[in-house]
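Enquirer: Sharing a structure below in structure tokens format, with a few things to ask.
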Amino acid sequence: MTSESWRVRNLVYETFTAEGRAPSVAELARRIESTPNRVQQLLRELADAHALVLSQDGDAVRMAHPFTAAPMAFVLTPADGRDDRRWWGGCAWDSFGISAALDLDVRIDTTCPHCARHLAVHAGPTTAPPEELAVRFPRPAAEWWEDVVATCTMIRLFCTREHAERWTAEHSPGSGYIADARTVWDLAQAWYGDRLDATFQPHTRDDNQVLLDERGLTGEFWRLP
């Protein structure tokens with residue numbers, strides 16, 4: 001990625017951090033003193049590098065992991081009650097990742113897909129979620145980026161492992177992987193904790209594979225492409 005595309009990437013993350021939204025193409029063009037056509041070209045370069053995800057029409061930022069520009073079943077609120085920012089989490093993993101990236105304790109509001117129970121989960125960089133919660137991953141790691149929005153949509157939080165197993169048996173028997181939420185929370189700290197750092201460098205495939213392996217997420221399901 002070029003310094004110009006990296007500047008756009010950083011502006012996208014700055015806007016998500018401060019306002020919980022993605023900047024428009026016109027806004028980015030103004031801020032880098034360029035043209036909308038040039039910004040769209042830079043956004044495509046960033047999307048090709050998996051630095052962010054574009055909308056279906058390719059004319060707007062859809063996701064900049066762990067942030068999403070549209071609702072995806074998770075709403076995050078700062079836990080201190082005095083910070084009025086709000087974010088949409090792309091999935092259970094990304095919701096923990098937003099907390100990690102911001103270095104902020106949050107309340108995560110979602111529902112269990114099996115029983116529809118409302119879940120209000122408090123988590124932070126040093127605050128693990130309740131141990132009974134589980135996270136289901138819908139497809140193997142090698143397939144995540146085939147449709148990354150669809151993948152994120154189905155990485156859901158369940159109130160218990162039993163409910164995750166029941167939901168899987170009813171809706172997608174024999175597929176997916178169910179992990180303890182605390183394992184996913186711990187993974188998010190390492191995967192996303194440096195995402196907003198001024199010196200951030202994209203993780204390599206091997207770096208990320210080590211992060212998975214260190215948390216016991218091993219085997220063919222967790223083999224990155």
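Enquirer: Could you state the accessible area per residue of the chain in Å², with a 1.4 Å probe and every protein chain left in place? Numbers along the way, then the final one.
Expert: On the way: 10640 Å² over 225 residues.
Accessible surface, normalised per residue, equals 47 Å².
Enquirer: Carbon and sulfur: what percent of the chain's accessible surface (1.4 Å probe)?
Expert: On the way: 4970 of 10640 Å².
With neighbouring chains kept in place, the figure for the chain is 47 percent.
Enquirer: A follow-up question, please. Can you give the alpha-carbon Rg of the stretch 26-113 over 2.2 N^0.38 Å, where N counts its residues? It would help to have the intermediate numbers written out before the result.
Expert: Details: Rg = 15.0 Å, N = 88, 2.2 N^0.38 = 12.1 Å.
Output field value: 1.24.
Enquirer: Going out from 0 in 5 Å bins, what whole percent of all Cα-Cα distances in the stretch 1-147 drops into each bin?
Expert: 2, 9, 18, 20, 17, 15, 11, 6, 2, 1, 0
Enquirer: Per the Cauchy relation, a quarter of the hull surface: what is the mean projected area of the convex hull of the alpha carbons in the stretch 142-202, in nm²? Kindly include the intermediate steps, with their values, before the conclusion.
Expert: Working: hull surface 21.5 nm².
Mean projected area for the stretch 142-202: 5.4 nm², to one decimal.
Enquirer: Quickly estimate the mean residue ellipticity at 222 nm for the chain, helices only: each DSSP H run with n ≥ 4 gives -39500 (n - 2.57), and the total goes over all residues, rounded to 500.
Expert: Details: 8 runs with 87 residues, N = 225.
Taking each H run of at least 4 residues, the total per residue is -11500 deg cm²/dmol.
Enquirer: Among the Cys residues of the chain, which have no other cysteine Cβ under 4.7 angstrom away?
Expert: Cys115
The values are calculated or read from the model by the stated rules, or taken from the named source; none is laboratory data. For clarity, every value in this text was computed on a predicted model and none was experimentally measured. When we count neighbours, we look across all protein chains shown, and the Cβ atoms used for this are built from the backbone with ideal geometry, even at glycine. The accessibility values were calculated without ligands, DNA or RNA, using every heavy atom of the protein model including side chains. Shrake-Rupley method; radii C 1.70, N 1.55, O 1.52, S 1.80 Å.
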